[in-house]
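Q: Submitted below is the structure of interest, expressed as structure tokens.
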Amino acid sequence: MKELSLNILDIAENSVKAKATVVKILIDETENEKENTLKITISDNGCGMTEEVLKNVTDPFYTTRTTRKVGLGLPFLKLAAEQTGGNLKIVSKSKEEEKTNHGTAVTACFNKNHIDFTPLGDIVSTVVTLIQGHPETDFIFIHTKNKKESAVLKTEELRKILGKDIPLNSFEVITWIKDFLTESYKEAVDK
């Protein structure tokens, strides 16, 4: 994929398909003289994966889908991370193993100075697309840079403010979310 934001979209969509009610997208950047890294974590409270699925999930020819014979989301993310000297870690507990504490966490670490580093891309559009497509899911999005928050959005808080009559995927709310995130990034850059 040409942008990491597309990998994030793909993995978050898998979280929703796994019946997650909460999906967290955490992006952490560190830029200083010693390191220039990017860490992306997507976690959920979905049905999780069994140990067998977890063992094979980064194999591009292994998929649980019935619509096609390959699954490339996680293998591509793993490749993108490893090409920069980084890594991919997946932790998952299936609903069968853990009745209350189940779900999956995918963490990818990248060295941003590496020539093969894939840019983050349009993360605002990724978050907006997820909310628009799944307004009933609680998304928590936090992007930090050098331990300072650049952008934070929690749909549960928006739902409390808007009440039950205004869906998160209404045109006005989606426009506000896009503008809010765009402005958050602009303010973070201006600081």
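Q: Say a site is exposed when it is one of the chymotrypsin sites (Phe, Trp or Tyr not before Pro), sits in a DSSP loop, and has at most 16 other Cβ atoms within 10 Å; what is then the longest site-free stretch of the chain?
A: 63-191
Q: With a cut-off of at most 14 other beta carbons within 10 Å, and DSSP calling the residue loop, which GluC sites (Glu not before Pro) in region 73-112 qualify? Please list them.
A: Taking region 73-112 and a limit of 14 other Cβ atoms within 10 Å, the loop GluC sites (Glu not before Pro) found are E96, E97, E98.
Q: State, as an integer percentage, the relative contact order of the chain based on alpha-carbon contacts under 8 Å between residues 6 or more apart.
A: 25 percent
Q: While we're here: Build a GNM of the chain with springs between Cα atoms under 10 Å: which of S94, S150, S170 gets the top mean-square fluctuation?
A: Fluctuation is largest for S170.
Q: Can you tell me the dipole magnitude for region 4-190 around its Cα centre, using point charges on the Cβ only (Lys, Arg +1; Asp, Glu -1), in Debye to the nearest 20?
A: Dipole size: approximately 440 debye.
Q: Quick one: which residues, 5 or more positions from V23 or on another chain, have an amide H under 5 Å from its amide H? H modelled 1.01 Å from N in the peptide plane, none for Pro or chain starts.
A: Answer set, sorted by chain and number: D138, F139, I140.
Q: Moving on. Using helices alone, what [θ] at 222 nm do you get for the chain, with -39,500 (n - 2.57) per DSSP H run of 4 or more residues, divided over all residues and rounded to the nearest 500?
A: About -11000 deg cm²/dmol.
Q: Assuming 0.692 mPa s and 37 °C, estimate D for the chain with Stokes-Einstein, Rh taken as the Kirkwood radius over Cα pairs, in µm²/s.
A: 188 µm²/s
Q: Among 42-54, 157-169, how do they line up from the highest to the lowest mean number of other beta-carbon atoms within 10 Å?
A: Going by the mean number of other Cβ atoms within 10 Å, highest first, we get 42-54, 157-169.
No value in this document is a laboratory result; all are computed from the given coordinates. Computed from a predicted structure; not experimentally measured. Glycine gets a Cβ as well: all are built from the backbone with ideal geometry, and neighbour counts include every protein chain shown.
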